[in-house]
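Take a look at the structure set out below.
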Amino acid sequence: MLDVRKLSKAFAGFVAVDAVSLAVETRQTTAVIGPNGAGKSTFFNLITGHLRPDSGQVLLDGRDITGTPPHRICRLGIGRSFQRTNIFTRLSVLENVQAALLAHRGRGHDFWSRSERFYRDEAEELLGSIGLAHQADSTAGTLAYGNQKQLELGIALASDPQVLLLDEPTAGMSATETREAMKLLERIAGERGLTLIFTEHDMEVVFSIAEKIAVLHQGRVLAKGTPAEVRADAEVRRVYLGERP
Ligand SMILES: Nc1ncnc2c1ncn2[C@@H]1O[C@H](COP(=O)(O)OP(=O)(O)OP(=O)(O)O)[C@@H](O)[C@H]1O
Ligand SMILES: [Mg+2]
């Protein structure tokens with residue numbers, strides 16, 4: 001589904017992502033892990049077109065999408081969420097999802113409708129599927145943090161992605177919120193047949209839901225493989241999982 005080949009990006013001479021390759025199969029759940037500053041968010045930004053790679057390629061279903069602008073990549077089927085929340089805090093929860101649907105699908109034949117009607121039914125349905133229907137009329141900025149991240153997922157799903165990249169979907173959540181959020185993600189990914197790629201610092205979460213793991217360290221791939229392979233990797237244990245040999 002997604003084939004990343006030797007992607008590199010430097011900022012003023014500092015190599016943040018260094019020849020990173022990653023192949024992800026359809027419907028597979030992959031975690032990209034690594035310490036702060038390892039290059040995870042930069043790697044995501046290169047895939048989604050928010051940053052232009054210095055070299056390397058990104059293939060989506062065999063099609064070269066390297067250097068394509070973010071809105072076009074989104075239309076081609078790669079959705080994402082950001083490490084910091086990206087919601088319209090003054091709009092209602094429902095309006096946030098409506099705005100996302102509108103951004104993705106345009107006005108279509110609905111040209112004469114009043115704006116508050118746009119995609120209302122779809123937005124309500126989407127909120128239902130992520131368990132936020134009861135909050136539809138709340139102002140997004142007043143939601144509990146965990147619910148804001150849930151809403152972010154809803155916004156990302158509004159573009160009906162095949163591949164979904166989530167940058168620290170549980171950052172700042174309590175242990176309970178984290179477990180709930182990951183359960184929700186697993187369910188949604190299963191229902192929609194999503195190919196999921198996420199970054200996460202909580203190793204319990206990573207090892208419980210990822211089918212494949214890539215470990216980044218100083219911009220390079222330190223290891224990749226199944227959770228068992230990565231857990232057993234001596235180099236990973238030394239530099240990342242914090243165990244002494
Ligand atoms: N726009 C930028 N300009 C300059 N340096 C940057 C820029 N973006 C990222 N970097 C640097 O690139 C490196 C990788 O950053 P990145 O945000 O990708 O790491 P990360 O793995 O996502 O870290 P974290 O776990 O803290 O989110 C860091 O040293 C960071 O300071
Ligand atoms: Mg990051």
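The values are calculated or read from the model by the stated rules, or taken from the named source; none is laboratory data. If you're wondering where the values come from, they're calculated on a predicted model, not measured in any experiment. Heads up, the Cβs are rebuilt from the backbone with ideal geometry, glycines too, and the neighbour counts pull from every protein chain shown. Remember, those area values only see protein heavy atoms, side chains included, never the ligands or the DNA or RNA. Shrake-Rupley method; radii C 1.70, N 1.55, O 1.52, S 1.80 Å.
Kindly provide the trypsin sites (Lys or Arg not before Pro) of region 113-219 that DSSP labels as loop, not H, G, I, E or B, and whose Cβ sees at most 13 other Cβ atoms within 10 Å.
Values: sites: Arg114, Arg117, Arg120, Lys149, Arg179, Lys183, Arg187, Arg192, Lys212; in loops: Arg114.
In loop regions of region 113-219 (DSSP not H, G, I, E or B), the sparsely surrounded trypsin sites (Lys or Arg not before Pro) are Arg114.
Per residue, the chain reaches -10500 deg cm²/dmol at 222 nm when only DSSP H runs of four or more residues are counted, each adding -39500 (n - 2.57). Basic side chains Lys and Arg get +1 at the Cβ, acidic Asp and Glu get -1 at the Cβ, and with that the dipole of the chain about its Cα centre reaches some 620 debye.
Against the chain, whose longest principal axis comes from its Cα atoms, helix 93-105 is set at around 80 degrees. Once the C-beta distance of Arg107 and Ala234 is scaled by a Förster radius of 51 Å, the resulting FRET efficiency is 0.35 to the nearest 0.05. In the Gaussian network model of the chain, springs joining C-alpha atoms below 10 Å, which of Leu102, Leu165, Leu194 carries the largest mean-square fluctuation? With Cα springs under 10 Å in the chain, the top fluctuation among Leu102, Leu165, Leu194 is at Leu102. Residues Thr226, Thr178, ordered by accessible area of protein heavy atoms at a 1.4 angstrom probe radius and largest first, appear as Thr226, Thr178. Around the amide H of Val4, modelled in the peptide plane, lie the amide H atoms of Leu22, Ala23, Val24, Leu59, all under 5 Å away and 5 or more residues distant in sequence or on another chain. The charge dipole of region 119-160, taken about its Cα centre with unit charges on the Cβ atoms of Lys, Arg (+1), Asp and Glu (-1) only, comes to about 220 debye. Structure remark: mean-square fluctuation, Gaussian network model of the chain, C-alpha springs under 10 Å; the largest value among Glu191, Glu200, Glu177 belongs to Glu191.
By definition, a body whose alpha carbon gyration tensor gives a ≥ b ≥ c is prolate when a/c is 1.5 or more and a/b is larger than b/c, and the chain fits this prolate description.
Once neighbouring chains are kept in place and the probe is 1.4 Å, which whole percent of the accessible area of the chain is contributed by carbon and sulfur? Summing carbon and sulfur atoms, their accessible area is 48 percent of the total for the chain. Residues whose amide H lies under 5 Å from that of His217, counting only those 5 or more places away or on a different chain, are Leu222; hydrogens are built 1.01 Å from N in the peptide plane. Ligands, DNA and RNA are left out, and with a 1.4 angstrom probe the accessible area of region 63-187 is 52 Å² per residue. Evaluated over the chain, the count of Lys pairs having alpha-carbon atoms less than 17 Å apart is 7 (only pairs 8 or more residues apart or interchain). Rounded to the nearest 10 degrees, the angle from helix 145-157 to the longest Cα principal axis of the chain is 80 degrees. In a DSSP loop and with at most 13 other Cβ atoms within 10 Å, the trypsin sites (Lys or Arg not before Pro) in region 1-88 are Arg84. Summarising the amide proton neighbourhood of Gln28: residues at separation of 5 or more, or on other chains, whose placed amide H is nearer than 5 Å comprise Leu196. When a/c reaches 1.5 or more, the comparison of a/b and b/c decides; with that in mind, is region 163-222 rounded, prolate or oblate per its Cα gyration tensor? Note, shape of region 163-222 comes out oblate.
Ordering His50, His71, His104, His134 by accessible surface, largest first, gives His134, His71, His50, His104; the 1.4 Å probe counts only protein heavy atoms, with every chain in place.
Rounded to the nearest 20, the size of the Cβ-charge dipole of region 6-88 about its Cα centre is 240 debye, with Lys and Arg at +1 and Asp and Glu at -1. If you look at the Cα atoms of region 1-143, you get an Rg and a Dmax of 18.1, 52 Å.
For the chain, the longest principal axis of the C-alpha atoms and the axis of helix 175-192 are separated by about 80°. Ranking Ala144, Ala133, Leu185 by Cα position along the charge dipole of region 114-202, where only Lys, Arg, Asp and Glu carry charges on their C-beta atoms, puts Ala133 farthest toward the positive end. Heavy-atom accessible area, probed at 1.4 angstrom with all protein chains present, ranks Thr26, Thr139 as Thr26, Thr139, highest first.
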